[in-house]
1. Answer rounded, prolate or oblate for chain A, using the Cα gyration tensor with square roots of eigenvalues a ≥ b ≥ c: rounded when a/c is under 1.5, else prolate when a/b is larger than b/c, else oblate.
2. Compute the distribution of all C-alpha to C-alpha distances in segment B:170-218, in bins of 10 Å from 0, and list the percent of pairs in each, rounded to whole numbers.
3. Using a Debye calculation, one point per C-alpha and no hydration shell, please list log10 I(q)/I(0) for segment B:192-276 at q = 0.10, 0.17, 0.27 Å⁻¹ in order.
4. Multiply the residue gap between residue A:170 and residue A:99 by 0.36 nm, knock off their C-alpha separation, and tell me the result in nm, one decimal place.
5. Give the shape of segment A:60-153 as rounded, prolate or oblate, defined through the alpha-carbon gyration tensor: a ≥ b ≥ c are the square roots of its eigenvalues, a/c under 1.5 means rounded, and otherwise the shape is prolate if a/b is larger than b/c and oblate if not.
6. What is the Rg over Rh value, at two decimals, for segment B:193-352, using alpha-carbon atoms and the Kirkwood definition of Rh?
7. With an 8 Å cut-off on Cα pairs and a minimum separation of 6 or more residues, tell me the relative contact order of segment B:192-276 in percent.
8. Using just the Cα positions, wrap segment B:196-237 in a convex hull and report its mean projected area in square nanometres, one decimal place.
C-alpha cells in the first residue's frame, strides 16, 4: 500500500455501491466517459494498427486499469475485445465492479490490489490506464515507476487528471463539489492537482515517452464533454509510450 | 469478451422504416434481425398501387449513402418547384406562392418515388446484406430486458437475445406499448384520401398544394404525365367521397385540381385512412428505441412521415455506431438518451408545426383567411423566410446526422 493514502481509499469505498447509477455520485464520470473513451480507443487503435470500425478492435491486447473504480472504463475496454484487469485499492469498488461485470456478462479480472504489488509479481500489459487517479496518489514517483513496470515495451500508458490552474480550482473544486454538488465535498485536494508538464516530467523520469496531450472541455449548454487539443486548463489526458 | 448474442439488434416491423433501419445499422457494423409480420410476397408486389413518397433531399442522401439511390433515381420524379393555392373546390385561386428548387444549393429539394419501387429496393438490399437476417411472416410476441440484454420471443417459438430492440412496428407500436410507452394522440377529424391520376397536361415537375376549407389537397408529380393525389378532408365528407364509384370519385378530384392538370384518369387503387397526430411520450424505454410512426405519426400535409422516419434511422444508427466504437453497451440507458435527445425535439416540432399549419389552413373563417393570405404573402416576399420554409420541407432543421448528408458512418 506504498503509494495509497488510506483516507483517500475510504472516500471511494463509500461511493462504490453507487458507481453505476448515472445520476448518482459517479454522475460526472458517466458524463465524461464517452469523451475519454473516444480518445483512449483511438490512441490504442492507432498504436497497435487496429481499425475501430471492426467488431473487436482491441482483441488480443491486454490492458490494466489502475484505479478502476466500479469498472466504467474496464467494461467498455472488454467490450472492444481487450483482455482486461482492473485494480482498485478500495475493495468495495472492486466488489461493485465484479457484480456489475457479471450482470453485464463480461469477463474482467478485478483485483483489490495496488499497481506496485501487481508490478512486483512481474505482470505486464500492452496498455496501462491510470484515469482520474494520479491526483489522489501519495507518492507520485513510485506510482509512475509501477505504471512503467506494468507496461510492455512498445505499449502505452494513458493518464487523465486535473490541471492545477485557477480554472480548475474554480470548476473542479468550487463548481463540481460546492455549486453543482456533482461530487461530495472534499473529493479533490486542489494542491495535489498536476500540470501537464509536471505529469510529462514524472513519466519521463519513469522511463516513459510522452507522445500526446489532449484537453477535455465541458459545455454547459449541450451538457456534453468534448476533446480539445487547445484547452488543457482543467481536465486533460496524457499518452505515453514505453520505449521498445 | 462479450457474451454471445443472436444479433446485436432486433428490429420489429419490416416496413420501409424498419428495413431502412436494418440497412443503416448493418452499415454501421451491427448484426441485425428484421422481424417482419407480413409475408415477403405482399411487400414485393410490383403493381402500381397509387401510393408514393415525397422524399426530402436529406432522405435521398441517406438512400445514397446506403447504396440504394443510384438504382432508384431513374424511376423518381424530381420536384422542381412548389406552388401553393387556396380557394374553394371548383374555384381554385391563382398561385399564392411559388418556391423554385433551384434557389437552393442542392436542388431538387424533393423527389417523388412510388412505393412499388422503394419497397423492393429496400428488401433486395436487406436480402443481399450478410449481416441482416430478414424473418418474413414472423411477429414479436414479447421482449424482456435484463442488465445485459433483451430476450425477444417470436411467434415461431424462437427466442432471440440482443443488446437492443427497435420498435419500427408502426403507429401505436405494440412492442412499445408493452414496454409502457404512451402516446399523446390528437385526431384531426380528417381522413386522408390518396390515389394517382394520369392527366392531359404535363406537370412540369411542379408540386401543387391547394388549401381548401375541408383540408389541403396536394398534386405531386410522378414520372410521365401522372400525379399522386394526397387529399385531406373532413371525415364525413371523405366517407361520402370514398363510397362513390370511380367516375364519381374522379369528378370530385377534378373539382379540386381546378383544371391545372387537364383531363384526368385514375391509376392504381384508392386509399383512405383517418388522420391523427400521435407522439410518443418517450422515444426510448429500457433496451428499446422507437422510430418512425411508432414514435410519431404526423399529418401527411408535407409528406414528412417517411422523411421523419429516416431522420430517426440516421440519428439512431449514428448514436449506436459511435457508442459501439468506444465500447459502450448500445442498449444502455445513457446511450439511448442521446438518441432521444437528438430526435425528440425535432419530431415534436415537426408534428406540432404540421398540426398548427393544418388547423390554420383547414377552415373558411374570414379573419383566419385574411391572416393566412397575409402570411403567405409575407413568405412570398421574404426570401429568408422562404428559404427557411423550404429547408424544413427538405428536412434540414437542427443538427444533421452523417447519413442524411450522404456520408458513411
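Since every read-out is calculated from the coordinates, none of them should be taken as a lab result. It should be emphasised that the depicted structure is a prediction, and the values quoted were computed from it without experimental measurement. Cβ placement follows ideal geometry from the backbone for every residue including glycine, while neighbour counts extend to all protein chains displayed.
1. Working: a/c = 1.23, a/b = 1.16, b/c = 1.06.
In terms of gyration-tensor shape, rounded.
2. The calculated distribution, bin by bin, is 16, 30, 25, 20, 8, 1.
3. One equal scatterer on each Cα of segment B:192-276 leads to -0.21, -0.62, -1.55.
4. Result: 22.0 nm gained on full extension.
5. Because a/c hits 1.5 or more and a/b fails to exceed b/c, segment A:60-153 counts as oblate.
6. Values: Rg = 20.1 Å, Rh = 18.0 Å.
Result for segment B:193-352 is an Rg/Rh of 1.12.
7. Details: 150 pairs, mean separation 36.0, N = 85.
Once divided by the residue count of segment B:192-276, the mean separation gives 42 percent.
8. Numbers: hull surface 12.3 nm².
Taking the Cα atoms of segment B:196-237, their convex hull projects to 3.1 nm² on average.
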